[in-house]
Amino acid sequence: MRRKLAAGNWKMNGTAAALAELETLTAKGAPENAQVLICPPSTLISRAKDVAGDIISIGGQDCHANQSGAHTGDVSAEMLKDAGATHVILGHSERREDHNERDEDVRIKAKTAWDAGLVTVICVGESLSEREADNTLDIIGGQLAGSIPDGATGENLVVAYEPIWAIGTGKVPTLSQIGDVHDFMRARLERRFGEGVGRTVPLLYGGSVKPGNAPEIFAVSNVDGALVGGASLKANDFGAIIAALDAS
Ligand code: PGA
């Protein structure tokens, strides 16, 4: 059985006041059939962990490729772990775009994160022009090959498919477009890591997931959950998405 995961990415949003939303979410209790993860800004990780306890897992949104050293302003995987994180998002399209992160950078960071004992949520996704040029699967295949280190397992890896044009735009691919990419990713993971491992890696869809579209997205083959940005900031919205995943 594959784990189902509802992951919230708060991005650069949230000060201490935002912990009230996490408190509301935590008070709903753990869903029966799904795991819940919130990735707040790193300044909130330790306080978020105190609020979430064992009900909701806490993650970082990025980490440095090294565990320590002279890298002003950066946060290492060990530090995230020490602050209470169990997961880290890597290779989000906003990191790839704002910080010129390449597949190779993501791969090195992922290895470092695994060494620190974190589960990596590795993001892949095509741009609108790549989709329109019918290059989606080539792009995704290349990102999977380049961004995931050797040694992936069903425990240390989660992959999130996030079409760049769907993030924060309200635009969502058709269900068959999502299914095609997820089936393709599953096949690629099985081919590279063996069927046993490839079958157990949770595959998330991300990009404008809302309470209204979550149930139909979770019914798509090989969709094991969601990586949610905007709708994860409000406990009511994210709670509804979690409930939809739990029921799927
Ligand atoms: P969104 O963001 O849900 O606001 O579209 C998703 C993401 O970037 O992870």
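Would you call residue 59 within 22 Å of residue 123 (Cβ to Cβ) and without any contact (Cβ under 8 Å) to a residue 12 or more places away in the chain?
no
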When you scan the stretch 223-245, do you find a residue that is away from the ligand (no atom under 16 Å from the Cβ), out of contact with any helix residue (DSSP H, G or I) (no Cβ under 8 Å at 6 or more places or on another chain) and in contact (Cβ under 8 Å) with a residue 12 or more places away in the chain, even just one? yes
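Condition check ((1) away from the ligand (no atom under 16 Å from the Cβ); (2) modelled with pLDDT of 95 or more; (3) surrounded by fewer than 20 Cβ atoms within 10 Å (Cβ to Cβ)) across all residues:
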{"residue": "2", "(1), (2), (3)": "yes, no, yes"}
{"residue": "8", "(1), (2), (3)": "no, yes, no"}
{"residue": "23", "(1), (2), (3)": "yes, yes, yes"}
{"residue": "29", "(1), (2), (3)": "yes, no, yes"}
{"residue": "37", "(1), (2), (3)": "no, yes, no"}
{"residue": "43", "(1), (2), (3)": "yes, yes, yes"}
{"residue": "46", "(1), (2), (3)": "yes, yes, yes"}
{"residue": "50", "(1), (2), (3)": "yes, yes, yes"}
{"residue": "55", "(1), (2), (3)": "yes, yes, yes"}
Consider the stretch 122-163. How many of its residues are of a type in the set (Val, Ile, Thr) and either more than 16 Å from the ligand (Cβ to nearest atom) or surrounded by fewer than 24 Cβ atoms within 10 Å (Cβ to Cβ) (or both)? 5
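The values are calculated or read from the model by the stated rules, or taken from the named source; none is laboratory data. Nothing here was measured: the structure is a model prediction, and the numbers come from that model. Every residue, glycine as well, gets a Cβ built from its backbone with ideal geometry; the counts of neighbours run over all protein chains shown.
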